[in-house]
Amino acid sequence: MSLFDLVEPGRKVLLMGNEAIARGALEAGVNFCTGYPGNPASEVVEALAKAARKFGIYVEWSVNEIVALEAAGAAAAAGLRALTAMKNLGADVCSDFLMTVNLSGTRGGFVLVTGDDPSAHSTTTELDTRNYARFADIPLLEPSTAQEAKDMTKFAFELSEEIGLICMVRTVTRLSHARGVVTLGPIPKEKRTAAFSSQDLWTSGSSSITCMFHSILHEKMNRVKAKFEESEFNRYTGNENAEFVIITAGTGWLYSLEAVRMLGLEDKVGILKLGTTWPLPEKLVLKHLRRAKEVLFVEEIDPFLEQNVKMLAAELLAEGNVGPLKFYGKKSGHVRGEFGAGTGEIDVDTVIRALAEIKGLQYQPREREYSEKASAAMGSLVPARTMGFCAGCPHRASFLAIKKALQWDGRDGIVTGDIGCYSLGLLPTGFSVAKTLHCMGAGIGTANGFGKLASFGLDKPVIAISGDSTFYHACIPA
């Protein structure tokens, strides 16, 4: 039985984070869903596609992310509830439309789901899409659990439709692909009818009209901020009078709860968990800053909350509304990934290490002898290997042919890579033939540049590699 066959409210099921987002969209009465595949967000659209026929939803994989957002935006402008899902880098692609549809607004609920990838497990960058919410000035929600992923998605549709503004739900790999218990809600049976007449106008305008829409956007966000101040997605746990407060969001909340428990600091450390992270619920934050003396920020990837709260604190300090505060986080270097602060995933050990350093505590996550034995055993039982093509994959033969052709040519030709399985052309499995890799479409774009450098002394043959999906996604203009 599919999770979408379960329509009775109150039933508890085990859902992956992305499935929970899809379920939340169903419970919000979503009508139109678009996206472009990319880890860790693909399952949102896949799950809704399975439910499309039963619930009368239109679902498509679009040619790229900006087309996906534009198509969903049109559906929302016609009064339907629409969702677009993409991985973090997709936000770059759709940003042009995002920076105008925030001004033109929406009639139906319009939700953008972005899947960020801390530690870049399957991505060429660790882009933190929360910055786009601040850049475009649109509401941002960050779930911490599968239950919140469902509930926040439903709420995002309701908020979007009430305010007339696209809303963003940001998840990360560990939430998207983890499973958790979710209590199901009802799925509405009402059917919407799309409407857009010759009298309707949906535009971000130009000149003075744009400035007017910009002013309206600020008014909308002030209304959102008032709602966020009272949101059930924000909560405080621990001693109400704690002078040390952790401010966190997303998966960082769970890591913080466990770290505080393991160190036995429940009576000394309070945790302020924010589910509504832009606009910042300033009154709520101020309430806890007033009695705090030290603040630790726990978040992935960029110091997003850290920067916003520090700016707020600077204003409040100047006004005399808060006392002197000491801040810890990515800027201080206490919250750091494998390659330093502001990079990589965080986990429970990350928070424990930060708290131990700040509080002067001695804590060994596990016995040193155990760690050494485990590392030694792994070295002998699990041979090290690089990523490789699947057995029988024709890409490997293609790269071998390119390698041989370049050798026969003898001019040390350049091979530009692109995004897809064939990105492995940079590695030994692809004979390390490809020499560049950036974003979708960059293979042909950079080949254009390399191919025009003969007059500057670089006269070599250039081969650009692109897959079919990438070609239609971003290569055609090049």
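Every read-out reported here was derived from the displayed coordinates using simple, explicitly stated rules and does not represent laboratory data. Everything numeric here is computed off the predicted structure, so don't read it as measured data. Here the Cβ positions follow ideal geometry from the backbone for every residue, glycine too, while neighbour counts run over all protein chains shown.
Classify the chain from the C-alpha gyration tensor, please: rounded if a/c falls under 1.5, else prolate or oblate depending on whether a/b exceeds b/c. Oblate.
When the C-alpha to C-alpha distance is required to be over 27 Å, the pairs from Lys54/Lys150; Lys189/Lys225; Lys54/Lys225; Lys154/Lys330 that qualify are Lys189/Lys225; Lys54/Lys225; Lys154/Lys330.
Straight-distance candidates among the aspartates and glutamates for linking to Lys435, with alpha-carbon spacing under 16 Å and chain neighbours fewer than 8 residues away dropped: Asp412, Asp418.
For the peptides 423-429, 71-77, 120-126, the ranking by packing is 71-77, 423-429, 120-126, with the highest mean count of neighbouring Cβ atoms within 10 Å listed first.
Projecting the Cα atoms of Leu289, Thr343, Val322 onto the charge dipole of the range 235-359, computed from C-beta unit charges around the Cα centre, puts Val322 farthest toward the positive end.
Determine the shape class of the range 394-475: with a ≥ b ≥ c the square roots of the Cα gyration tensor eigenvalues, call it rounded for a/c under 1.5, and otherwise prolate if a/b is greater than b/c, oblate otherwise. Oblate, because a/c is 1.5 or more while a/b does not exceed b/c. Just going by the charge dipole of the chain, with Lys and Arg at +1 and Asp and Glu at -1 on Cβ, which of Ala474, Val245, Gly38 is farthest out on the positive end? Farthest along the dipole direction, towards plus: Gly38. For the chain, the 222 nm mean residue ellipticity estimated from helices alone, with every DSSP H stretch of n ≥ 4 adding -39500 (n - 2.57) and the total spread over all residues, rounds to -13000 deg cm²/dmol. Ordering Thr277, Ala391, Cys211 by Cα displacement along the dipole of the chain toward the positive end leaves Ala391 in first place; charges were set at the Cβ atoms of Lys, Arg (+1) and Asp, Glu (-1). Tell me which aspartates and glutamates have Cα within less than 19 Å of Lys50's Cα, excluding those fewer than 8 residues away on the same chain? Filter leaves Asp5, Glu8, Glu19, Glu27, Glu60.
Cβ crowding within 10 Å ranks Cys211, Cys390, Cys167, Cys33 as Cys390, Cys211, Cys167, Cys33, fewest other Cβ atoms first.
For the range 1-90, averaging the sequence separation of C-alpha pairs within contact (under 8 Å, six or more residues apart) and dividing by the residue count gives a relative contact order of 34 percent. A Cβ-based charge dipole, computed about the Cα centre of the range 394-475 with Lys and Arg at +1 and Asp and Glu at -1, lands at about 160 debye. Using C-alpha pairs below 8 Å separated by at least 6 residues, the relative contact order for the chain is 12 percent. Arranged from fewest to most other beta-carbon atoms within 10 Å of their beta carbon, Ile66, Ile166, Ile209 become Ile209, Ile66, Ile166.
Counting only aspartates and glutamates at least 8 places from Lys227 when in the same chain, those with an alpha carbon closer than 18 Å to its own are Asp137, Glu142, Glu148, Asp151, Glu158, Glu161, Glu162, Glu219, Glu282.
Mean projection of the Cα convex hull over all viewing directions, computed for the range 132-266: 12.3 nm².
Quick check on the range 28-132: take the gyration tensor over C-alpha atoms, sort the square-rooted eigenvalues as a ≥ b ≥ c, and tell me if it's rounded (a/c under 1.5), prolate or oblate. Cα axes put the range 28-132 in the oblate bin. When only alpha carbons are used to place a centre, the range 32-94 and the range 283-321 end up 35 Å from one another. A cut-off under 15 angstrom between Cβ atoms defines the neighbours of Leu103, and their net charge, with Lys, Arg +1 and Asp, Glu -1, is -2. Among 39-46, 375-382, 212-219, 471-478, sorting by the average number of other beta carbon atoms lying within 10 angstrom of each residue, highest first, gives 39-46, 471-478, 212-219, 375-382.
Electrostatic tally near Phe431: other residues with Cβ closer than 14 Å to its Cβ, Lys and Arg +1, Asp and Glu -1, net +4.
Reported value for the range 235-359: 88 Å³ per residue, from the convex hull of its C-alpha atoms. This model, with +1 at the C-beta of Lys and Arg and -1 at the C-beta of Asp and Glu, gives the chain a dipole about its Cα centre of some 400 debye.
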